[in-house]
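Take a look at the structure below.
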């Protein structure tokens, strides 16, 4: 009996493997030869506003009449509880939009697509590198839809006024601009900042900025070995160690350092930038619209995230959103089909457009919109990366403690990194 069951399971997985490869290759065009709604209804959960999703869901249903896709918006604050309660009552969704920083948290509830169904090489050929956050030793947790790369916004007028022809491309160049762009009053108080770096509490995206700087050394922050995740924060890569990167970051908030440019008297960094109290702002592509709305008269421009010199590769941080199949789906075949179609069809491009992000698919990244911002966003997406965050709130606390501990002289940078690594391992072990 046991061997017969194993044979049946093997046949199912072989069928899924062939089906998945044919769908991704385009050999199978689903939705053209069957009756309307014949594959059933698939429920999609996510935290993206329904007003943004309604048109692309409607278009998806028109293009794929054999499936009825229904979207339900959930609050980011209650998503976890809503999902747990729905699963307990047997009313959970079939698929859901998975942010990269929740991949670890939901891994045990997701159907992991085996590499026999969707090989690693096919995944890497299909999606930008940031999407590889969803790859595990056992298979794929999610099909990437969009990438939201970390970039450098800057005030063009501020640079022009100070005779700076172009924005910095490296961290060294950025540091060299501090004496030029940082302005003080007669008492020595900073009234115009070069850049919001050094602190945590009033720096938007502080964890993402510092994590990207860590990853620029070749450090993965978290690594996996046969399904076991562990901190890489104590690992040395290339000629950089993470304590030196942490020191560089906190120097921008240290009055005793030449790059001192930011302190707690400033409001949150996106507000300061929009009020033209700082020349640079590190934010995500998806923040563009809100930055423009904050100050429509600002001479806003965008440039790539600064890089380390003499490393041999480029890297910036990113948030990635994918579509995942819940293992508990009652309509698994249709859910698998929809997830494939969302990632490989027109849905992916439209999803990136309505969320202000960049498509994760490589073929879509070839066609850059011809505006002032998209080429930077699209190029940045190609060399962006993410990391396996075990708990967004927990790692926020870890990065805050690491930064604040150094600034308060309670810890050396070496001790701060070691402490952060130990705490990260505790989160990963839960």
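Listed by first and then second residue, the pairs with beta-carbon distance under 9 Å, at least 6 apart or on different chains, first residue in region 317-334 and in a helix (DSSP H, G or I), second crowded, with 22+ Cβ neighbours inside 10 Å and modelled with pLDDT under 95, are 334/67.
Considering region 254-275, the residues that are in contact with a helix residue (DSSP H, G or I) (Cβ under 6 Å, 6 or more places away or on another chain) and buried (at least 17 other Cβ atoms within 10 Å of the Cβ) include one that is farthest from residue 413 (Cα to Cα), namely 274. Within region 116-133, the set of residues being over 18 Å from residue 377 (Cα atoms), assigned to a loop (DSSP other than H, G, I, E, B) and at pLDDT 95 or above comprises 119 only. Could you please let me know if residue 151 is buried (at least 21 other Cβ atoms within 10 Å of the Cβ), under 22 Å from the mean Cα position of the chain (by Cα) and assigned to a strand (DSSP E or B)? Yes, satisfied. If only residues of region 184-202 that are farther than 19 Å from residue 303 by Cα and surrounded by 13 or more Cβ atoms within 10 Å (Cβ to Cβ) are counted, the one that is nearest to the chain's Cα centre (by Cα) is 200. Mind listing whichever residues of region 88-115 are part of a helix (DSSP H, G or I), under 26 Å from residue 68 (Cβ atoms) and in contact with a strand residue (DSSP E or B) (Cβ under 8 Å, 6 or more places away or on another chain)? Listed by number, the residues that qualify are 106, 109.
Among the residues of region 154-181, those identified as surrounded by fewer than 20 Cβ atoms within 10 Å (Cβ to Cβ) and in a loop (DSSP other than H, G, I, E, B) are 162, 163, 164, 165, 166, 169.
Results for (1) at pLDDT below 95; (2) assigned to a strand (DSSP E or B), shown as yes or no for each residue.
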position: 234; (1), (2): yes, no
position: 243; (1), (2): no, no
position: 258; (1), (2): no, no
position: 262; (1), (2): no, no
position: 267; (1), (2): no, no
position: 279; (1), (2): no, yes
position: 283; (1), (2): no, yes
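Sort through 291, 300 and tell me the only one that's within 22 Å of the chain's Cα centre (by Cα) and touching a residue at least 60 places away in the same chain (Cβ under 8 Å).
Result of the check over 291, 300: 291.
Counting only residues that are part of a helix (DSSP H, G or I), more than 17 Å from residue 71 (Cα to Cα) and in contact (Cβ under 8 Å) with a residue 24 or more places away in the chain, region 335-362 holds 2 of them. Pull up region 85-118, narrow it to residues that are in contact with a helix residue (DSSP H, G or I) (Cβ under 9 Å, 6 or more places away or on another chain) and without any contact (Cβ under 8 Å) to a residue 40 or more places away in the chain, then point me to the one that is farthest from residue 323 (Cα to Cα). By that ranking, first place goes to 91. When you look at residue 370, is it touching a helix residue (DSSP H, G or I) at 6+ places or on another chain (Cβ under 9 Å) and more than 16 Å from residue 69 (Cβ to Cβ), yes or no? Taking the combined requirement at face value, the residue does not satisfy it. Scanning for something under 19 Å from residue 422 (Cβ atoms) and exposed (fewer than 14 other Cβ atoms within 10 Å of the Cβ), does region 238-253 turn up at least one residue? Within region 238-253, not a single residue is under 19 Å from residue 422 (Cβ atoms) and exposed (fewer than 14 other Cβ atoms within 10 Å of the Cβ).
Counting the residues of region 391-425 that are touching a strand residue (DSSP E or B) at 6+ places or on another chain (Cβ under 9 Å) and buried (at least 22 other Cβ atoms within 10 Å of the Cβ) gives 2.
The values are calculated or read from the model by the stated rules, or taken from the named source; none is laboratory data. Just so we're clear, the structure is a prediction, and the values are computed from it rather than from any experiment. Because the Cβ atoms are built from the backbone with ideal geometry, glycine has one as well, and the counts that use them run over all protein chains shown.
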